[in-house]
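*Asks:* Sharing a structure, written as structure tokens. Questions coming.
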């Protein structure tokens, strides 16, 4: 080995080299893992869109056969029978770029539980006077099965302090304090809304869309690969600086900061 590179055998450089040899594979592994997470979300998004398209034409099945709601059953056609009960409004919901609200009516089934049913959407501020009354008597509803919403996800409001008769999220956890009976941990959006309401489209299954988390995975992928490149860059920079210092020492060149400042006595100071 060239004498200039003998510093690579010192304990200090052994530690640097071991760190680099461990850091680079780790960064590449983490970057690849984050990329696989992003690709998985993209694939899940495609599958969810394909499933939603096929679910619209599929035969409706009884509610009990599709519970609990997961990525496989979300969006599928479901049928339930019962009597409509309490009606609530879900403000702050957009449709086709317009602000509005959902009309949510609880369907009390023979099983003793209530199923939240979104009967439609209306534009403007939430107003109970605008919402048409639910049909009386026993009814059979058909629509797309949906998972309970989580406040703060997919545009679902997390604000509280709403007026009586309103809820921010459609979920059993949010509705349990507003109605006096047990609830299914799911909801249904009707295939056809009664006039003047507009039908609410089916939402994507939970964790299947290209949301902020998906693009965070993509951003983390870039960060880990940048870290790997930075480790390599810093290793070469340290190596080059160490080689230059070794060569300077071999030539007898001592840096000024090592030699210290030159002190002149008063006799050598020129007199003006």
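Each value in this text was obtained by applying a stated rule to the coordinates, not by laboratory testing. Quick caveat: nothing in here was measured; it's all calculated off a predicted structure. Using ideal geometry, Cβ is built from the backbone for each residue, glycine included, and neighbour counts are taken over all protein chains shown.
*Asks:* How much length, in nm to one decimal, is gained on full extension between residue 139 and residue 20, taken as 0.36 nm per residue of separation minus their Cα-Cα distance?
*Replies:* Working it through step by step, the gained length comes to 36.0 nm.
*Asks:* Dimensions of the range 75-203 along principal axes (Cα, Å, largest first)?
*Replies:* The principal-axis extents, from largest down, are 35, 30, 29 Å.
*Asks:* When ranked by the protection proxy of mean other Cβ atoms within 10 Å per residue, highest first, what sequence do the peptides 38-44, 123-129 form?
*Replies:* 38-44, 123-129
*Asks:* Sorting check: for 230-237, 78-85, 114-121, which peptide has the highest mean count of neighbouring beta carbons within 10 Å, and how do the rest follow?
*Replies:* The most tightly packed comes first, giving 114-121, 78-85, 230-237.
*Asks:* Here's something else I'd like to know. When DSSP assigns beta bridges and you keep just the ones with both residues in the range 75-203, what percent turn out antiparallel, to the nearest 5?
*Replies:* Antiparallel bridges make up about 90 percent of those DSSP assigns within the range 75-203.
*Asks:* Note the full-extension length gain between residue 61 and residue 12 as 0.36 nm times their separation in residues minus their Cα-Cα distance, in nm to one decimal.
*Replies:* 10.7 nm
*Asks:* Between residue 240 and residue 150, what FRET efficiency follows from the Cβ-Cβ distance if R0 is 41 Å, with the result rounded to 0.05?
*Replies:* It comes to 0.20.
*Asks:* So how far apart, in nm, are the two label points at residue 5 and residue 251 if each is 7 Å from Cα heading toward Cβ?
*Replies:* So the label points at residue 5 and residue 251 sit 2.0 nm apart.
*Asks:* Measure off 7 Å from each Cα along the Cα-to-Cβ vector at residue 227 and residue 111, then give the distance between these two points in nanometres to one decimal.
*Replies:* The modelled label-to-label distance comes out at 4.6 nm.
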